[in-house]
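Undergrad: If you scroll down you'll find the structure; I have some questions about it.
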Amino acid sequence: MLLLCRILFQLTLLGVLGTQVAKVEDFITGIAGDGVRLPCCFISDTRNLNLVQITWLKKAATRDVNLAVYNPQFGISYPDGSNRFSLSNATPTDCTLTINPLQLSDEGLYYCEVNTFPNGKHESKTNLTVLDRPEITIRGYDGNWYVKSSNRSLECLAKANPPVRSYRWTMSTGSLPPTVHVKDNRLFITQIDYSVNGTWICEATNAIGKGRSEITVVVKAMDSRTAVHFTGEPFASTLAYIVVGTLVTVLLIVVSVTITVTKTRRETSVTRKEVKVHPENDREFAVFATLNLKVVDNATSSSKEARNQEATVVADLSAD
């Protein structure tokens, strides 16, 4: 670009160009991660024209961002404060802006603004396009994949310019398990087993190049608590039977004690006179008790409705 500036200067002296020129590249393309140069050459054949200041700005939605300033008297300054922007070997005829490393957010419209005395301000525009290889992330694995759980998926998210044109899923242990199928950037697993253990790799490709990311999946064994959450198996039923059996036993003891106390009181209040009793009614007691229990599994009370268990207890007691 320095050679171009010299050519423009010679053309200006020969009168081929106008008396004042601020030359920039109309369109510049760079690749994210690399450096890019935005040239700006100022040429004038007016000996009485003084350069006051050259400023590089970027067009923004609300107001332009002042990136770099060159002043022949005070030197160079960077109002934006970023160390990625620099003016290398700035002179009154050459004020090239360097951006390194280039980011996707740097894409946009840039102005080289030249202020002179007494002619005032002149500006030229450069449109910067930033291309990017796919920079990738994988989401979907939360560290809680259990054997026998189902319908899990991984998603490959890629940022790229131009857009990604293809995705490729591979696994560190070899070919994909039969329970896995791929659609575009997503990988679906119908049934979790130990064949899913390993490192999963997503590779995305665009016109600039390839990018990749990987994630390691560890499948855990299913215990009784996680079985309720992931498979819906009623772990609480065993606990329910134990609780019901215990409460029924307690109820029988209470009924037995109640009958004994009642019988004792009846015997002490009977007079000496002969009383005709019915043996079949005196010796047998039929006790019917209905026990309604509400058993809640603490492990799954937040995700399952409480189970209601009903037990009917029939106790046949005989008394001499």
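Undergrad: If you average the sequence gap of Cα pairs under 8 Å that are 6 or more apart and divide by the length of region 23-144, what percent do you get for the contact order?
TA: This gives 34 percent for region 23-144.
Undergrad: OK, next. Would you pull out the residues with amide H under 5 Å of residue 220's amide H, same chain only if 5 or more places away, H placed 1.01 Å from N?
TA: Here 145, 146, 147 satisfy the definition.
Undergrad: May I ask you to evaluate 6.51 cos²θ - 1.76 cosθ + 1.60, the Karplus curve with θ = phi - 60°, for each residue of region 27-32 and list the ³J(HN,Hα) values in order in whole Hz, giving x for glycine and proline?
TA: 9, 10, 10, x, 10, 3
Undergrad: Within the set 23/59; 125/210; 58/121; 59/210, which residue pairs have Cα atoms separated by over 22 Å?
TA: Violating the 22 Å Cα-Cα cut-off are 125/210; 59/210.
Undergrad: Accessible area of region 41-153 with a 1.4 Å probe: how many percent of it is carbon plus sulfur?
TA: That fraction is 44 percent.
Undergrad: Cβ neighbours within 10 Å, averaged per peptide: list 109-120, 90-101, 178-189 in order, most packed at the top.
TA: Put in order of decreasing packing, that is 90-101, 109-120, 178-189.
Undergrad: Let me ask something else. Taking the Cβ-Cβ separation of residue 216 and residue 60 as r and a Förster radius of 56 Å, what is the calculated FRET efficiency to the nearest 0.05?
TA: 0.85
The values are calculated or read from the model by the stated rules, or taken from the named source; none is laboratory data. None of the values given here were measured: they were computed from a predicted structure. A quick note on method: Cβ atoms are made from the backbone with ideal geometry, for glycine too, and the neighbour counts reach across all protein chains shown. When the accessible area is computed, the model is the full protein with side chains, heavy atoms only, and any ligands, DNA or RNA have been set aside. Shrake-Rupley method; radii C 1.70, N 1.55, O 1.52, S 1.80 Å.
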